[in-house]
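Derivation of every value follows stated rules applied to the coordinates shown; laboratory data play no part. All values derive from a computational prediction rather than experimental measurement. Cβ: placed from backbone, ideal geometry, glycine included. Neighbour counts: every protein chain shown.
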Amino acid sequence: MNKHLLLLCIAGLMLTNASVFAQTCQRDSNLLNTKQLLSPAPYSPDSPFYNLKPACINEPYNQSVTVFVPDTFTYLGFKVPIQSVSIALTGAISNLPTGLTYSCDPPNCTFNALSLGCILLYGTPSPANNPDTFDLGISVRVRTLLGEVPLVLPRDIDPTYHYYLILRPQGQCQVSTFDPDGPFSTLQILPNPTSGQTYIQAVSTRSGIFWVEVFDVYGQLAQRQQVLLLEGENRLDLDVSALSSGAYFIVLRDENTRAVRRLIRM
């Protein structure tokens, strides 16, 4: 009896550990170089991309959000030194679909200045939700030498910034390397990261004229070129050697559709 009880306890610990490891928050260390505050980048009018992964009802979900904490920020026109940024252990993210929650790395949800904090959104959206687009807000407290300042990210960075989470009906989330809303059965950038020379591998379901556009994290257009895609496999050479190091968004689009990939320029 004791032996069976011990085996059950070990099995339970193994399942618990497997669940924890499956929900590891993945930091975007590139923020240490770009000094951008959030990854994925929020939606904005200049960069109208929904960069949070879509979720589906009754299907497991996880999304890592990286927060870079600068050492100062401007408040009422003055630069104020930052000690840390923290969020409450529960209830700090508004408008999450029912069934989703969050955790932090470090677990106390306190991120020191000049460090990368990580917030993991995870869970399974329940059938109590209706398919919709959820505008998330992350309530944080910025600790300074002058006291604490409450903010809601990303909109208090810029009022036009949003973290939109699309919730789809069950069965409409695809685990793949391509954008299911675009005309591509395969869309990859290789190599990525790159020091300058890279290429886009695109398997298209139709032929036509497309644009390849490169945007920086501020949503500013850095490069654009027109290309002809044929139905089937295409290779598009891309030279980003003239761009500064950092993160960029590569958009492949025509008049009706677009697909977006992230590129790191070393």
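Grab the DSSP H runs of the chain that are 4 residues or longer, score each as -39,500 (n - 2.57), total them, divide by all residues and round the 222 nm result to the nearest 500 deg cm²/dmol.
Taken over the chain, the calculation gives -3000 deg cm²/dmol.
Kirkwood Rh, Cα Rg: Rg to Rh for the range 77-194?
Ratio value, two decimals: 1.05.
Of [x] 33, 27, 18; [y] 29, 22, 17; [z] 33, 20, 19, which one was derived for semi-axes √(5λ) of the Cα gyration tensor in Å from the structure shown?
For semi-axes √(5λ) of the Cα gyration tensor in Å, the calculated option is [x].
Over the alpha-carbon set of the range 30-140, work out the extent along each principal axis and list the three values in angstrom, largest first.
Sorted from largest, the Cα extents of the range 30-140 read 46, 34, 27 Å.
Given the peptides 111-120, 71-80, 43-52, arrange them by the average over their residues of other C-beta atoms within 10 Å, most packed first.
The packing order, highest mean first, is 111-120, 43-52, 71-80.
What value in Å³ per residue do you get for the convex hull of the alpha-carbon atoms in the range 139-239?
183 Å³
Return a whole-number percent for the relative contact order of the chain, with Cα pairs under 8 Å and 6 or more residues apart as the contact set.
So the answer I get is 16 percent.
How high is the relative contact order of the range 184-265? Use alpha-carbon pairs under 8 Å, at least six apart in sequence, and give a whole percent.
33 percent
How high is the FRET efficiency between LEU190 and ILE157 when r is their beta carbon distance and R₀ equals 30 Å, given to the nearest 0.05?
0.40
Just round it to a whole percent: the fraction of Cα-Cα distances in the range 184-265 exceeding 22 Å.
For the range 184-265, the fraction of Cα-Cα distances above 22 Å is 18 percent.
May I ask you to list the residues of the range 29-48 whose amide nitrogen lies under 18 Å from a point 7 Å from Cα along the Cα→beta-carbon direction of LEU114?
Taking a point 7 Å out along Cα→Cβ of LEU114, the residues of the range 29-48 whose backbone N falls under 18 Å are 29-37.
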